[in-house]
Amino acid sequence: MADAVYVTATFKVTPGKEADFIEAGKVVCEATRKEEGCIYYDLVQDQEDGSCFQMVEKWTSAAALDAHGKSDHVGAFGKACTEGGMWVGGPVIQRLTQRA
């Protein structure tokens with residue numbers, strides 16, 4: 001799968017908002033896993049810093065990832081996190097390419 005795209009989206013969550021963030025994450029994960037081109041899409045939490053989370057993703061192509069970024073559920077997730085004061089500064093997103 002030479003064209004596959006990997007993504008990590010790192011979130012620093014406001015202390016006390018972790019449970020709200022996880023619930024919002026469950027909704028976006030469930031919808032995203034049904035998208036064409038999604039190989040996996042998981043919300044994970046740092047074992048040492050419970051306020052640090054990542055979405056770990058793999059997509060069949062950049063086009064599939066781009067369509068995901070424009071989806072209603074991603075927009076709703078961002079809005080809920082922003083309006084709910086769930087994150088500090090928004091996500092840090094990295095697009096990655098497998099090399100070995």
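Condition (residue is free of Cβ contacts under 8 Å to residues at least 24 places away in the same chain, outside any helix (DSSP H, G or I) and over 12 Å from the mean Cα position of the chain (by Cα)) applied to the range 48-62: is it met by at least one residue? Please lay out each step first, then the result.
Of the residues in the range 48-62, the ones free of Cβ contacts under 8 Å to residues at least 24 places away in the same chain are 48-49.
Pick out the ones that are also outside any helix (DSSP H, G or I) and you get 48-49.
Narrowing further to those that are over 12 Å from the mean Cα position of the chain (by Cα): 48-49.
There is at least one residue in the range 48-62 that is free of Cβ contacts under 8 Å to residues at least 24 places away in the same chain, outside any helix (DSSP H, G or I) and over 12 Å from the mean Cα position of the chain (by Cα).
Looking for something touching a residue at least 24 places away in the same chain (Cβ under 8 Å), closer than 23 Å to Asp66 by Cα and touching an Asp or Glu at 6+ places or on another chain (Cβ under 8 Å) - is there at least one such residue anywhere in the range 9-24? Yes: one or more hits. Counting only residues that are of a type in the set (Gly, Ala, Ser) and open to solvent by 30 Å² or more (accessible area, probe 1.4 Å), the range 13-30 holds 2 of them.
Whenever a residue of the range 71-93 is within 17 Å of Gln54 (Cα to Cα), its partners that are open to solvent by less than 50 Å² (accessible area, probe 1.4 Å) and assigned to a loop (DSSP other than H, G, I, E, B), lying with C-beta atoms within less than 7 angstrom and at least six residues away or across chains, give the pairs Met86/Thr14; Trp87/Thr14; Val88/Thr14. Considering the conditions (1) assigned to a strand (DSSP E or B); (2) in contact with a Lys or Arg (Cβ under 8 Å, 6 or more places away or on another chain); (3) in contact (Cβ under 8 Å) with a residue 60 or more places away in the chain, Tyr40 is excluded by exactly one of them, (3). Every test in (1) among the hydrophobic types (A, V, I, L, M, F, W, C); (2) assigned to a helix (DSSP H, G or I); (3) closer than 18 Å to Cys29 by Cα is passed by Ile93 save one, and that test is (2).
Would you confirm whether or not the range 15-32 contains a residue that is among the β-branched types (Val, Ile, Thr) and over 14 Å from the mean Cα position of the chain (by Cα)? Steps first, please.
Quick first cut of the range 15-32, residues among the β-branched types (Val, Ile, Thr) only: 22, 27-28, 32.
With over 14 Å from the mean Cα position of the chain (by Cα) added as a condition, the list becomes none.
No, the range 15-32 has no match at all.
The values are calculated or read from the model by the stated rules, or taken from the named source; none is laboratory data. Fair warning: this is a prediction, and the values are worked out from it, not measured in the lab. Cβ: placed from backbone, ideal geometry, glycine included. Neighbour counts: every protein chain shown. What goes into the accessible areas is simple: the full protein's heavy atoms, side chains included, and nothing from ligands, DNA or RNA. Shrake-Rupley method; radii C 1.70, N 1.55, O 1.52, S 1.80 Å.
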